[in-house]
């Protein structure tokens, strides 16, 4: 199963430069790295990143993260994946900059 992380361009650049990160400010404050499923990620983008140019979508295989990944209730009681360790660049399967069409981010087809 793939899980997804949204990063601002500077946050993605930091991960690329350092090889690991504790995440975005909200991740650091909450003590874990927030992820979304394919069904959740567009709503996450709309709620927290509306209008952000250069937003980066990271796709990660959840299986290798299983020991440090917890599924916990969040928006509306839905279970969201949370990573309880630093995110490593080596965890990332792929990345894609999401185009902004003036009203929403355009996502690739997600599994």
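Among the residues of region 8-23, write down those that are buried (at least 20 other Cβ atoms within 10 Å of the Cβ), touching a helix residue (DSSP H, G or I) at 6+ places or on another chain (Cβ under 7 Å) and under 23 Å from residue 74 (Cα atoms). Within region 8-23, just 21 meets the criteria. Checked against the criterion of being surrounded by 13 or more Cβ atoms within 10 Å (Cβ to Cβ) and closer than 23 Å to residue 106 by Cβ, region 28-35 has at least one qualifying residue. Number of residues in region 31-46 that are more than 10 Å from the chain's Cα centre (by Cα) and touching a residue at least 24 places away in the same chain (Cβ under 8 Å): the value is 7. Residue count for region 36-48, restricted to those that are surrounded by fewer than 18 Cβ atoms within 10 Å (Cβ to Cβ) and either in a strand (DSSP E or B) or touching a strand residue (DSSP E or B) at 6+ places or on another chain (Cβ under 6 Å) (or both): 0. In this entry, residue 94 passes the filter for residues that are within 15 Å of residue 12 (Cα to Cα) and without any contact (Cβ under 8 Å) to a residue 40 or more places away in the chain. Any residue that is part of a strand (DSSP E or B), over 11 Å from the mean Cα position of the chain (by Cα) and in contact (Cβ under 8 Å) with a residue 60 or more places away in the chain - is there at least one of those in region 12-22? Yes, the conditions are met somewhere in region 12-22.
Do we find a residue being in contact (Cβ under 8 Å) with a residue 12 or more places away in the chain, out of contact with any strand residue (DSSP E or B) (no Cβ under 9 Å at 6 or more places or on another chain), in a loop (DSSP other than H, G, I, E, B) and loosely packed, with under 15 Cβ neighbours inside 10 Å anywhere in region 73-87? Looking for residues that are in contact (Cβ under 8 Å) with a residue 12 or more places away in the chain, out of contact with any strand residue (DSSP E or B) (no Cβ under 9 Å at 6 or more places or on another chain), in a loop (DSSP other than H, G, I, E, B) and loosely packed, with under 15 Cβ neighbours inside 10 Å, one finds at least one in region 73-87, hence yes. Summed over region 49-72, the residues that are assigned to a strand (DSSP E or B) and either surrounded by 15 or more Cβ atoms within 10 Å (Cβ to Cβ) or under 13 Å from the mean Cα position of the chain (by Cα) (or both) give a count of 7.
No value in this document is a laboratory result; all are computed from the given coordinates. Nothing here was measured: the structure is a model prediction, and the numbers come from that model. In this analysis, Cβ positions are derived from the backbone assuming ideal geometry, glycine residues included, and neighbour counts consider all displayed protein chains.
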